[in-house]
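What follows is a single structure, written as structure tokens, with notes after it.
The values are calculated or read from the model by the stated rules, or taken from the named source; none is laboratory data. Everything quoted here is computed from the prediction, not taken from an experiment. Methodologically, a virtual Cβ is constructed for each residue, glycine included, from the backbone with ideal geometry; neighbour enumeration extends over all protein chains shown.
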Amino acid sequence: MKRAFSIAAAIAVVAAATYGWQTRIAAPAPWTDDELAILQSLWIGSLPPLPANPSNAVADNAEAARFGQQLFFDTRLSSNGGIACATCHQPERRFTDSLPKGQAIGTSKRNTRSIVGVAYSPWLYWDGRRDSLWSQALSPLEDPNEHGGDREQVVAVIAADDNYRAAYESLFGTLPDIQDGGAVNGIFANIGKAIAAYERLLMPGSSRFDAYVESAMRGDEGEASLLFSNDETRGLRLFIGKANCTQCHNGPLFTNHEFHNTGVLSFPGETPDKGRVQGVREVLADPFNCRGPYSDDPAPACAELEYARTGPELIGTMRTPSLRNLHNTAPFMHKGQLGTLAEVLEHYNEAPLAMIGHNEAKPLGLSRHQLGQLEVFLDTLAAPLAAAEEWLGPPATRFDTDDNQDQQDD
């Protein structure tokens with residue numbers, strides 16, 4: 001009897017192992033119509049045209065973008081002459097810096113987010129404390145841990161450089177007397193608008209995932225199978241299904257641009273980050289917001305500000321990042337708490353209690369193999385940026401004078 005039981009048990013083990021092996025190598029099941037609809041919603045081809053920004057009259061002006069590109073890479077817009085926007089937003093790292101927190105004149109409060117595709121978001125920063133690209137572009141210039149300067153110093157750079165002054169006046173009219181304190185804020189706002197015009201050009205390109213979706217929508221299973229491995233396909237099915245990733249990471253940019261608490265541990269030695277509950281207070285009080293006097297919209301309709309959520313449910317929430325182009329952008333989370341994508345997936349699999357507020361995520365119960373399938377799927381979202389090469393570095397032709405060019409080269 002014992003022997004018969006042992007044989008039966010052995011057969012069961014072998015059968016289970018065989019089943020597991022077969023499920024790993026067998027072709028994944030075809031996509032259902034509902035699943036194909038979800039895939040299409042994530043496809044880069046579903047990304048709508050970039051919405052206009054009425055608060056920035058030069059948002060889509062090519063000349064403003066050229067000027068903004070100059071400013072983005074110009075270290076003179078800092079208190080020590082050594083920090084530019086590109087110090088933390090490095091083109092070769094998808095406009096991030098691969099550090100837990102940004103390092104400039106000092107250490108910033110949070111991880112450097114990519115600015116690729118960010119022009120689609122109604123909120124900027126992890127906590128959404130700015131409501132436009134141009135108002136966000138101003139903040140680092142005066143942050144003591146980033147550029148460490150002030151608006152008077154930044155405006156003086158424009159006024160002292162003949163070519164910058166000419167570029168400014170071509171876009172915004174005659175540069176006012178910078179000794180007039182009331183004029184400085186307007187000039188400062190316009191500097192942010194030029195930088196934003198440049199940043200609006202930084203868009204994600206089509207990835208292997210997007211090519212796969214095109215094949216799936218055509219019903220071309222042969223081409224789809226050449227584009228994705230079985231594990232990548234199963235990882236995608238987990239992503240839109242059991243792993244529940246699309247609750248937050250949805251749409252062609254894989255983000256809902258909203259705020260969520262996912263129970264991430266605090267940065268070592270720090271108290272928990274309040275997140276959006278503090279950020280919403282700051283954006284409502286910001287003089288450069290949609291309702292402020294520096295908006296170019298003659299009749300501002302600031303629905304995002306008007307109906308911005310407030311209240312204790314926002315405690316500890318952070319803005320959902322895009323999942324496109326994760327390669328070379330680690331560490332992850334709002335203070336770089338998790339060093340690898342595998343750690344991120346394990347965190348969501350466990351869904352620990354939040355240190356502050358309430359963790360919205362629930363434990364997933366995925367196996368190690370399934371977590372690995374999710375990770376290889378996420379790797380398929382890597383792609384070159386859609387922006388022309390000329391925008392992915394310092395401009396070849398500079399506005400500043402020969403003397404200033406020599407200073408930059410030094």
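If you go through region 344-371, how many residues are farther than 20 Å from residue 333 by Cβ and either in a helix (DSSP H, G or I) or at pLDDT below 95 (or both)?
The number of residues fulfilling the criteria is 3.
Restricting region 160-183 to residues that are farther than 16 Å from residue 134 by Cα, in contact with an Asp or Glu (Cβ under 9 Å, 6 or more places away or on another chain) and of a type outside the set (S, T, N, Q), which is surrounded by the most Cβ atoms within 10 Å (Cβ to Cβ)?
164
Which pairs turn up if I take residues in region 144-155 that are farther than 15 Å from residue 191 by Cα and look for partners that are of a type outside the set (Lys, Arg) and in a helix (DSSP H, G or I) with beta carbon separation below 6 Å, at least 6 apart in sequence or on another chain?
Final answer for the pair search is 146/140.
Hey, among the residues in region 46-64 that are of a type in the set (A, V, I, L, M, F, W, C) and surrounded by 22 or more Cβ atoms within 10 Å (Cβ to Cβ), which one's nearest to residue 161 (Cα to Cα)?
Top of the filtered list is 64.
Does region 343-372 hold any residues that are within 16 Å of residue 265 (Cα to Cα), touching a helix residue (DSSP H, G or I) at 6+ places or on another chain (Cβ under 8 Å) and hydrophobic (A, V, I, L, M, F, W, C), and which are they?
345, 361, listed by residue number.
Given the structure, is residue 239 in contact with a Cys (Cβ under 9 Å, 6 or more places away or on another chain), on the phi > 0 side of the Ramachandran plot and in the same structural domain as residue 290 (by TED's automatic domain parsing)?
So residue 239 does not fit the description; no.
Picking from 332, 399, 377, which residue would you name as being aromatic (Phe, Trp, Tyr), in contact with a helix residue (DSSP H, G or I) (Cβ under 8 Å, 6 or more places away or on another chain) and at pLDDT below 95?
Checking each option against the conditions leaves just 399.
Out of everything in region 87-105 that is at positive phi and out of contact with any helix residue (DSSP H, G or I) (no Cβ under 9 Å at 6 or more places or on another chain), what residue ends up being surrounded by the fewest Cβ atoms within 10 Å (Cβ to Cβ)?
Checked region 87-105; the qualifying residue surrounded by the fewest Cβ atoms within 10 Å (Cβ to Cβ) is 98.
Has region 122-130 got any residue that is surrounded by 23 or more Cβ atoms within 10 Å (Cβ to Cβ), among the aliphatic types (A, V, I, L, M) and at pLDDT 95 or above?
Yes: one or more hits.
Tell me the helices (runs of 4 or more DSSP H) entirely within region 1-118 that contain at least 1 residues that are in contact with a Cys (Cβ under 9 Å, 6 or more places away or on another chain) and at pLDDT 95 or above.
Where helices (runs of 4 or more DSSP H) fall fully within region 1-118 and carry at least 1 residues being in contact with a Cys (Cβ under 9 Å, 6 or more places away or on another chain) and at pLDDT 95 or above, they are 62-72.
Based on what the data block shows, is residue 108 without any contact (Cβ under 8 Å) to a residue 40 or more places away in the chain and buried (at least 19 other Cβ atoms within 10 Å of the Cβ)?
yes
What's the total number of residues in region 195-239 that are in a helix (DSSP H, G or I) and under 30 Å from residue 55 (Cα atoms)?
5
Pairs under 8 Å by beta carbon, first residue farther than 28 Å from residue 243 by Cα in region 262-274, partner part of a loop (DSSP other than H, G, I, E, B), six or more apart or different chains?
Note: pairs meeting the criteria are 270/335.
I'd like to verify a number: residues in region 301-313 that are surrounded by 16 or more Cβ atoms within 10 Å (Cβ to Cβ) and either part of a loop (DSSP other than H, G, I, E, B) or touching a Gly at 6+ places or on another chain (Cβ under 7 Å) (or both), how many?
2
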